[in-house]
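Engineer: Let me begin by handing over the structure; questions about it come next.
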Amino acid sequence: MLRKTCHFSGRVQGVGFRYTVKNIALQYDVQGYVRNLPDGRVELVMEGPDDQLDGLLHDVRDRMQTYIQTVDQQTLPATGEFGHFYIKH
């Protein structure tokens, strides 16, 4: 089990990005959250099996590619702190 933290920059706020990520995440065996950051980026924190995390990230990039300029990501061991996937406000 791994934990990936991804920061998306570009035109990622005000375009349904978080709701799209949540709907995609529900198709995968992942837990975590997605939220807007004050600097205009969107943060995705997710935990699960590596192939599930990669699949979710691939689908997000595929669906939202016109809005994404860059994606910074960090991979660490999972903490197990999440019970489900949600939009964090």
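Engineer: What do you reckon, is Leu76 open to solvent by less than 70 Å² (accessible area, probe 1.4 Å) and out of contact with any Phe, Trp or Tyr (no Cβ under 7 Å at 6 or more places or on another chain)? Working first, answer last.
Structural biologist: Working: open to solvent by less than 70 Å² (accessible area, probe 1.4 Å): no; out of contact with any Phe, Trp or Tyr (no Cβ under 7 Å at 6 or more places or on another chain): yes.
The answer is no for Leu76.
Engineer: Among the residues of the range 11-30, what is the count of those that are open to solvent by less than 40 Å² (accessible area, probe 1.4 Å) and of a type outside the set (Ser, Thr, Tyr)? First the steps, then the outcome.
Structural biologist: Taking the range 11-30 first, the residues open to solvent by less than 40 Å² (accessible area, probe 1.4 Å) are 12, 15-17, 20-21, 24-25, 30.
Next, only the ones that are of a type outside the set (Ser, Thr, Tyr) stay: 12, 15-17, 21, 24-25, 30.
Adding up the residues that qualify gives 8.
Engineer: Being part of a strand (DSSP E or B) and farther than 18 Å from Met1 by Cβ is the filter here, so list the residues in the range 38-89 that pass it. Spell out how you get there, then give the answer.
Structural biologist: Residues of the range 38-89 part of a strand (DSSP E or B): 42-48, 68-77, 85-87.
Correct list: Val42, Glu43, Ile68, Gln69, Thr70, Val71, Asp72, Tyr86, Ile87.
Engineer: I would also like to ask the following. Pairs under 8 Å by beta carbon, first residue in a strand (DSSP E or B) in the range 9-24, partner open to solvent by 40 Å² or more (accessible area, probe 1.4 Å), six or more apart or different chains?
Structural biologist: Every condition considered, the pairs that remain are Ser9/Arg41; Ser9/Gln69; Ser9/Thr70; Ser9/Asp72; Gly10/Tyr67; Gly10/Gln69; Gly10/Thr70.
Engineer: Now a separate question. Every residue in the range 51-71 that is open to solvent by 90 Å² or more (accessible area, probe 1.4 Å) and touching a residue at least 24 places away in the same chain (Cβ under 8 Å), please.
Structural biologist: Arg63, Gln69
Engineer: Separate question: So which residues in the range 14-50 are within 8 Å of the chain's Cα centre (by Cα) and either more than 15 Å from Tyr86 (Cβ to Cβ) or acidic (Asp, Glu) (or both), if there are any at all?
Structural biologist: Correct list: Glu43 only.
The values are calculated or read from the model by the stated rules, or taken from the named source; none is laboratory data. Not measured: the values here are computed from a predicted model. In this analysis, Cβ positions are derived from the backbone assuming ideal geometry, glycine residues included, and neighbour counts consider all displayed protein chains. Please note that ligands, DNA and RNA were not included when accessible areas were found on the heavy atoms of the full protein model with its side chains. Shrake-Rupley method; radii C 1.70, N 1.55, O 1.52, S 1.80 Å.
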